[in-house]
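What follows is calculated from the coordinates using simple rules that are stated; it is not laboratory data. Model, not experiment: these values are computed from the prediction. Reconstructed Cβ throughout: ideal geometry from the backbone, glycine too, with neighbour counts over all protein chains shown.
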Amino acid sequence: MSGVELLGKEYGYVVLVLVLYCFLNFWMASQVAKARKNCVINNEIENNCLWVQRGHQNSLEFMPMFFMLMILGGIRHPLICASLGASYIVTRFFYFKGYSTGDPQQRLSIG
């Protein structure tokens, strides 16, 4: 075999975690759309919908840093990066669910 293999076979797990994070963000975007629709239908104050949107925006703000850390860290330690990335996704989900309630204490329960 000629050349140096840069990425191991386990690097696929890193890619899988990055794809799952994208799906999580798509799901969050759908929750924002649903909250906006409910606010328009029920003539609610927009602040009630703002919490859902802000939770999604917070996730988007950290997305570039998460991707870079996963891509670079996964070159050397793909299994560790993939497992830590998967746990980050789970906690990010619960953080979003808590943030969407509008109660600051709810977002700290798991995420």
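In this simple spin-label approximation, A33 and E61 carry label points 7 Å from Cα along the Cα→Cβ vector, and these lie 2.5 nm apart.
The length gained on full extension between F93 and C22, counted as 0.36 nm times the residue separation minus their Cα-Cα distance, comes to 24.4 nm. Compared with the direct C-alpha span, the chain from V15 to T101 gains 27.8 nm at full extension, assuming 0.36 nm per residue.
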